[in-house]
1. What's the number of the condition ASN205 fails, among (1) outside the structural domain of SER96 (by TED's automatic domain parsing); (2) surrounded by 13 or more Cβ atoms within 10 Å (Cβ to Cβ)?
2. Which of the residues that make up the stretch 209-266 are of a type in the set (Asp, Glu) and outside any loop (DSSP other than H, G, I, E, B)?
3. In the list LEU336, LEU373, LEU293, LEU307, which residue meets the criterion of being modelled with pLDDT under 90, of a type in the set (A, V, I, L, M, F, W, C) and in a helix (DSSP H, G or I)?
4. Please work out which one of (1) free of Cβ contacts under 8 Å to residues at least 12 places away in the same chain; (2) crowded, with 20+ Cβ neighbours inside 10 Å; (3) not aromatic (Phe, Trp, Tyr) is the condition ASP237 fails and give its number.
5. Need the failing condition index for PRO285 against (1) under 30 Å from ASN254 (Cβ atoms); (2) out of contact with any His (no Cβ under 8 Å at 6 or more places or on another chain), just the number.
6. Can you pull out the residues in the stretch 240-268 that are loosely packed, with under 14 Cβ neighbours inside 10 Å and polar (S, T, N, Q)?
7. Search the stretch 339-353 for residues being within 29 Å of the chain's Cα centre (by Cα) and part of a helix (DSSP H, G or I), and hand back the single one that is surrounded by the most Cβ atoms within 10 Å (Cβ to Cβ).
8. Quickly run through the stretch 186-202 and pick out the residues that are surrounded by 13 or more Cβ atoms within 10 Å (Cβ to Cβ), outside any helix (DSSP H, G or I) and out of contact with any helix residue (DSSP H, G or I) (no Cβ under 6 Å at 6 or more places or on another chain).
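The values are calculated or read from the model by the stated rules, or taken from the named source; none is laboratory data. In this text, all values refer to a predicted model and were calculated from it rather than measured experimentally. When we count neighbours, we look across all protein chains shown, and the Cβ atoms used for this are built from the backbone with ideal geometry, even at glycine.
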Amino acid sequence: MNHSKQNSNQADDGWTVVQGRRGKRKVIKEKSGKDFYQPYQHESRNPRRVKIERCSSARRNKPSLRYYPQNNRSDKIERARDFRRQILAGERLDLSAYCTVFRLIPDYYGSLDWLEQIESDGLEPDLVVFSVLMNKARTLDQAFDVLEMVKRRHIKPNLITFNTLMNKAHTWNQAYDVLEMIKQHHITPNMITFSTLMSKAPAWNQAYDVLEIMKQYNIKPDLITFHILMNKIETWDQASKVFDMMKQRSIKPNLITFNTLMKKTKTSDQAFDVLKMIKPYNIKPDLVTFSTLMSKAQTWNQASKVLEIIKQHRIKPDLITFNTLVKKAETWKQVLKVLEMMKQRRVEPDWITFETLRKKATTRSQRNQVTQLQRRYR
């Protein structure tokens, strides 16, 4: 097998340009040989930050390059180990460097080990360090443990601390208790506080009560707040009420607003009403809109009507659209029609498609057709 050779030359700007099979990449090297994280451009991919590491081939013993995405969990651990090697080598890190380490550590208990390292170096962890540590907590109890550490060091928690604490709450009562703690510390809550509190509400009534509390602090709800409230809707009357509140406050809805509203509809007539509401705002519905609309269809004719609307908007239906259409089929002839459309658009069926087909098949010959089709796509 022929392998393309990697050629490298030193650029004028201090970069080392490496020529490989996928084009040119830029690598910057220190005297110590340690690699940095630098962006590279590839003609078929978006620019992203990567780790570039030297390795050796087992057969040819020649240097090559390995690329790891920076957001990879193992990569973050490796970067944290680099900091650990610096400490073992006798180098001292400042508090800002330790904050960087805290953000790289993926788990809570690993961050606690680094907290001990900070104190052993004679540094005093500040509120920023504890805020990052609280973000690593997986349970509310762990987050409260961090808050106790803050209090023992006589550090005054701020609103960010309590917002993070509220985000770790699992129930509405726990989140509301955090709001009471904010009041006790004479801290004024902000929009993030109430948005987080509303997201923890188990039902519409509690979410709507949050709006009343916001009025007491003269905080005006924004579009995100109404989106959270819309997710708590239980009836169509509540949906209309939320939409009227947005109009009264001159908050312009976007496509997410209408897609969320359509998901909360109970009948196809209500879903089509939402589609009509989109037009005055000059918003183009997307495939999510029409897939949701099709899922609300009660008959095959209504689902076919949605498919025609999709074609009029020049949107390509995907696998989810066709799976929904198969579910709405009332006869085996209609099922075969959907399969033929999928074939024309080169959309391959998945396991959901075949499960739906088995439910639709009522005779032995129809079941055999499903089996043959499944074998073809194996």
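1. So ASN205 meets the others, but not (2).
2. Residues satisfying the conditions are ASP209, GLU212, ASP237, ASP244.
3. Details: LEU336 fails: modelled with pLDDT under 90; LEU293 fails: modelled with pLDDT under 90; LEU307 fails: modelled with pLDDT under 90.
Exactly one of LEU336, LEU373, LEU293, LEU307 is modelled with pLDDT under 90, of a type in the set (A, V, I, L, M, F, W, C) and in a helix (DSSP H, G or I), namely LEU373.
4. With (1) free of Cβ contacts under 8 Å to residues at least 12 places away in the same chain; (2) crowded, with 20+ Cβ neighbours inside 10 Å; (3) not aromatic (Phe, Trp, Tyr) applied to ASP237, the lone miss is (2).
5. (2)
6. GLN248, SER250, ASN254, THR267 - these are the residues of the stretch 240-268 that are loosely packed, with under 14 Cβ neighbours inside 10 Å and polar (S, T, N, Q).
7. Only one residue fits best here, namely THR353.
8. Passing the criteria: only ASN190.
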